[in-house]
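The values are calculated or read from the model by the stated rules, or taken from the named source; none is laboratory data. Remember, predicted model here, so these are calculated numbers, not experimental data. Methodologically, a virtual Cβ is constructed for each residue, glycine included, from the backbone with ideal geometry; neighbour enumeration extends over all protein chains shown.
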Amino acid sequence: MMPSQITNLAVRSKRGDLLRSAQHPRAAAPGGDTPVTKLTLRYAVAADRDHLRALAELDSSLAPSGTALVAEIDGRLRAALPLDGGRPIADPFHRGAELIELLRMRAAQLVSRTEPAR
């Protein structure tokens, strides 16, 4: 066999594999979204400043100026909750309301840890 014939056979075989796998798509998460692989809730740090500004622009809002909690999905900042009572911000193209609710629950946990026991 000549090299071009071998290449053609390999290409046809790979094409067949791709067509077969396309007929059996992977199951998507509920709602048709891509499954989340990592969610992180943490305090915002100085290095988040530019990301918070960009997130605020997406949300047509202002970036938090004080202490805030942020939610990252797969390493990308998707929501922020100012701890001074300011308006939360979230990426409108991702599950922002759900992330803000998680941030509120986390903030409540942090407050309960700092309050003295009665």
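Does region 42-58 contain at least one residue that is of a type in the set (Val, Ile, Thr), part of a loop (DSSP other than H, G, I, E, B) and at pLDDT below 85? Scanning region 42-58 turns up no residue that is of a type in the set (Val, Ile, Thr), part of a loop (DSSP other than H, G, I, E, B) and at pLDDT below 85. Taking region 88-118 as the range and being loosely packed, with under 13 Cβ neighbours inside 10 Å and assigned to a loop (DSSP other than H, G, I, E, B) as the test, the residues that pass are 92, 93, 115, 116, 117, 118.
For region 69-85, the tally of residues that are surrounded by fewer than 20 Cβ atoms within 10 Å (Cβ to Cβ), under 14 Å from residue 96 (Cβ atoms) and of a type outside the set (Val, Ile, Thr) stands at 2.
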